[in-house]
Each structure stands twice: as C-alpha cells, then as structure tokens.
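Student: Pasting a structure below so you can have a look.
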Amino acid sequence: MRVDGKPYRTIWLNEDGRSVDIIDQTRFPHVFSIITLKTMKSAAVAIRTMQVRGAPLIGATAAYGVALQMAGDDSDAGLRHAYETLMATRPTAVNLRWALDEMHALLSPLPRAERCERAYARAAEICDEDVEICASIGRNGLEIVREIARTKAPGQTVNILTHCNAGWLATVDWGTATAPIYMAHDEGIPVHVWVDETRPRNQGAALTAWELGRHGVPHTVIPDNSGGHLMQHGEVDMVIVGTDRTTASGDVCNKIGTYLKALAAKDNGVPFYVALPSPTIDFTLDDGLRDIPIEQRSGDEVSRMTGMTKDGRVETVAIVAEGSPVANHAFDVTPARLVTGLITERGVVAADKQAIAAMFPERVAEAASQPATATTA
Ligand code: MRU
C-alpha cells in the first residue's frame with residue numbers, strides 16, 4: 001500500500017542484501033518509522049515487543065529471523081537455536097509455527113554452504129505468497145461486499161465493522177479483513193468501516209484507522225462496546241475480522257473482544273465473516289476453546305495509556321486506580337457456530353470441519369503426519 005504516495009510493504013530486504021527492514025508499529029499513529037533488523041535476536045525482539053504484529057507478518061518476520069541467523073551461524077545448532085528462540089516470542093498466532101516449520105524443513109537437510117541463500121530466498125517467497133494470498137482473499141471477500149451492496153438502494157453505503165488490525169500492517173500487504181474493503185472502495189462501492197478501538201493496545205484506533213485513512217476509506221473509530229448497539233440499530237451490514245489461529249473445525253481465535261462481536265452479530269442477524277490465509281488454519285487442533293494457547297500480556301497495557309499531548313509529546317499515563325489488579329488476556333475464541341463464513345484465498349468456506357478439509361485436503365494430510373502442538377501460555 002502507499003504511504004504519502006510511496007509504495008510500502010511491512011517487511012522487506014534492506015539494500016545491503018542481508019538486513020531486514022520493518023515498519024515500527026509501536027509508534028503508530030503518531031510516528032512512521034522504519035527499523036533495520038540485523039540479527040535473529042532483533043527479529044525475535046521485534047515480534048515479542050510487537051514492533052511487528054498480526055499473524056501473517058509475525059510468520060514473515062520469523063522466516064527472515066531464521067535467514068538472519070543463517071547469515072551468522074548456519075550450523076544445525078544455529079538453526080535449532082533460531083527455531084526455538086523465535087517460536088518462544090508469541091504463543092497464539094500459528095503462522096509463527098507454520099513459517100518456522102517451513103524454514104526448518106527446507107534448511108535442515110541442506111549442506112551448510114547452501115542454507116543462507118536458500119533461507120533468504122524462502123523468506124522472500126513467504127512474503128510474496130502472503131501478498132498473493134491476501135489479494136485473493138480480497139477478491140473473494142469483494143464478492144460478498146458486492147452482494148450486500150446489491151441489496152441496497154444505489155449509492156447507499158455498506159457499513160462494515162472490524163476489530164483489531166487485520167489490515168496491511170498485520171500482513172505483508174493488503175491485509176486480510178481489509179483486503180475486500182480496499183477492493184470494494186477502489187471499485188467505487190460506497191463502504192464505511194466501524195473501527196473498534198481494540199483496547200488495551202488500540203490496534204484499531206492506532207493502526208486500522210491510520211491505514212484506512214491513508215487509503216481514503218471512510219471510517220469511524222468506536223469504543224469497543226459500541227458494536228452491539230450499532231447492530232441493534234441496523235448500522236452494521238457485515239462484520240469482517242482476522243484471526244491468529246483457526247482450528248480444523250472452524251473455531252476462530254482472534255483479538256480479545258472478537259467473541260462478543262460475534263455474539264452480538266448472531267443476535268442481530270448480521271453476517272460475521274473471518275478473513276484468513278490458509279497458514280492461519282491449525283489442522284492439528286479441533287477444539288479452539290480447549291486447545292489454543294491464549295497469550296497473557298503485561299497488566300501495564302491495561303493500566304496505562306499512551307497518547308500525544310497537544311504540544312506534540314508522546315506520553316504514557318496511568319488510568320487504573322493504584323493497587324487494583326488487572327488482567328490482560330490478549331485473545332479469545334469464537335466458536336465455529338457463530339461464524340457465517342471463512343474468507344480464504346481459495347474461496348469462502350463454512351466454518352465446518354468437512355468443508356474446510358475439502359478445501360485444503362493437502363494440509364489435512366500434512367497435519368495427520370504431525371503431532372498435535374497444543375500448549376498453554
Ligand atoms: O496482538 P496482535 O496485534 O498481533 O493481534 C492481531 C490480531 O488479532 C489480528 O486480528 C490477527 O492477527 C489477524 S492479522 C491479519
């Protein structure tokens with residue numbers, strides 16, 4: 001996507017041919033800045049501190065993290081160390097494990113002399129594939145937006161609610177939930193997006209609103225609790241969210257608060273779609289509530305807020321009574337029964353085990369040969 005007229009991806013190879021550049025997402029919406037990752041450890045820190053975040057981008061950064069490791073130490077021990085260090089950064093988004101497994105399977109049988117070049121090539125390929133996948137998700141989701149637009153009077157706005165940031169900043173480009181929105185906007189369908197602010201880290205207010213604004217998509221930031229009210233009053237035509245891990249039977253794990261939106265959507269007859277690339281489907285798990293590890297993050301994210309003062313200083317302030325305990329569950333699970341459909345790169349599929357398996361038979365076969373990987377956060 002373009003930032004001030006210049007095309008950007010969220011991650012790219014530095015011109016030195018070895019380092020990796022990323023956009024620092026911890027400084028949005030106030031500052032647009034680029035960080036250069038020079039080591040595997042700095043890639044791990046970028047994922048852990050959420051300089052990069054969003055399931056697909058976490059996977060892409062991990063792939064480049066392995067390449068950075070291979071540039072310095074291409075031994076078996078080095079590969080194992082990179083795999084374990086990167087795997088330990090964040091527990092919920094399964095794209096991390098997917099990308100690391102891809103890199104490990106490719107590199108471990110290779111002679112050491114070939115590992116570094118092949119690692120950079122595969123990381124670049126993973127990024128290109130993600131862009132292609134998101135563009136396909138966009139085209140498939142666009143059909144649904146077009147259909148909703150057809151049910152309205154000509155020129156009437158299609159109102160879409162989204163949660164967190166499943167935009168281009170969460171992927172390599174396009175985004176998942178936002179790809180159909182950008183495409184609908186670009187072809188002239190009047191769309192308007194209700195952007196959940198997404199406490200506690202405000203990915204909606206800080207990231208989704210920023211990127212929609214840059215692309216000229218009409219949007220309104222709302223407090224997280226507003227969605228139900230808007231749905232009751234006919235102000236939401238559809239919900240589209242992303243996901244960090246969806247099970248083989250269609251249970252959807254996404255940013256905390258997604259489940260409440262799905263409940264409200266069900267109660268109000270509003271279609272609730274989840275946009276996802278196939279690497280986000282965990283074919284080793286069935287029961288999302290039981291098996292998906294939910295990241296617990298620092299209470300500081302709940303008890304403090306960061307913003308810009310009128311005179312342009314970025315400051316963090318306390319917002320919780322001193323001494324009150326806080327809890328910070330980063331994700332929740334929306335059961336498959338609340339999901340209208342999964343928008344994937346191969347088409348829109350029911351959140352149902354048989355339907356998902358029929359769409360991705362090779363992934364089912366692959367998972368059958370792997371052990372289940374459920375862990376606790
Ligand atoms: O904690 P985050 O910001 O990494 O969480 C991101 C989300 O929950 C996104 O909705 C999800 O990763 C899908 S991104 C296309």
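The values are calculated or read from the model by the stated rules, or taken from the named source; none is laboratory data. The shown structure was predicted, so the numbers you read here are calculated from the model rather than taken from an experiment. Reconstructed Cβ throughout: ideal geometry from the backbone, glycine too, with neighbour counts over all protein chains shown. For accessibility, only protein heavy atoms count, side chains too; no ligands or nucleic acids. Shrake-Rupley method; radii C 1.70, N 1.55, O 1.52, S 1.80 Å.
Student: Would you mind calculating the relative contact order of the chain from Cα pairs under 8 angstrom and at least 6 residues apart, reporting the percent as a whole number?
Tutor: 15
Student: Sticking with this one: Quick one: pull the percent of accessible area on the range 134-368 belonging to carbon and sulfur, 1.4 Å probe, ligands and nucleic acids left out.
Tutor: After summing per-atom areas, the C and S share lands at 51 percent.
Student: Given the C-alpha centroids of the range 191-216 and the range 251-309, what is the distance between them in whole angstrom?
Tutor: Using only Cα atoms, the two centres lie 16 Å from each other.
Student: Let me ask another. Starting from the 7 Å offset along Cα-to-Cβ, what nm value, one decimal, do you get for the label separation of Lys41 and Arg346?
Tutor: According to this spin-label approximation, the distance is 4.2 nm.
Student: With charges set only on the Cβ (+1 for Lys and Arg, -1 for Asp and Glu), what does the dipole of the chain come to about its Cα centre, in debye to the nearest 20?
Tutor: Charge dipole of the chain: 440 debye, to the nearest 20.
Student: Something else about it: When only alpha-carbon atoms are used, what values of Rg and Dmax, in angstrom, describe the chain?
Tutor: For the chain, the Cα-based Rg and Dmax read 20.1, 63 Å.
Student: Which of Ile160, Ile319, Ile294 ends up with the largest GNM mean-square fluctuation for the chain, with Cα atoms connected below 10 Å?
Tutor: Maximum among the listed residues: Ile319.
Student: Sorted by accessible area with a 1.4 angstrom probe, largest first, how do Ser303, Ser298 fall?
Tutor: Ranked from most to least accessible, the order is Ser298, Ser303.
Student: What FRET efficiency would be calculated for the residue pair Ser369, Val314, taking the C-beta separation as r and a Förster radius of 51 Å, to the nearest 0.05?
Tutor: FRET efficiency, Ser369 to Val314: 0.55.
Student: Whole number in Å², please: accessible area per residue of the chain, 1.4 Å probe, ligands, DNA and RNA not counted.
Tutor: Normalised by residue count, the accessible surface of the chain is 41 Å².
Student: Here's something else I'd like to know. Note down the relative contact order for the range 2-128 as a percent, whole number, built from C-alpha pairs under 8 angstrom at least six residues apart.
Tutor: In percent, rounded to a whole number, it is 22.
Student: Sticking with this one: With the calculation restricted to Cα positions, what are the radius of gyration and Dmax of the range 219-340 in angstrom?
Tutor: 17.1, 51
Student: Could you name the aspartates and glutamates whose alpha carbon sits less than 12 Å from that of Lys261, not counting residues in the same chain fewer than 8 places away?
Tutor: Straight-distance partners of Lys261: Asp196, Asp224, Asp332.
Student: Right, here's the next one. Sort Arg53, Arg363 by heavy-atom solvent-accessible area, probe 1.4 angstrom, most to least.
Tutor: Heavy-atom accessible area, descending, gives Arg363, Arg53.
Student: Report the calculated FRET efficiency for Ser226 and Glu362 (r = Cβ-Cβ distance, R0 = 35 Å), to the nearest 0.05. Could you put the intermediate results ahead of the total?
Tutor: On the way: r = 41 Å, r/R0 = 1.19.
Given R0 = 35 Å and the Cβ-Cβ separation, E is 0.25.
Student: So how far, in whole Å, is the C-alpha centre of the range 94-157 from the one of the range 14-46?
Tutor: Here the two parts' Cα centres lie 20 Å apart.
Student: Considering only protein heavy atoms and a 1.4 Å probe, what is the carbon-and-sulfur percentage of the accessible area of the range 1-66?
Tutor: 51
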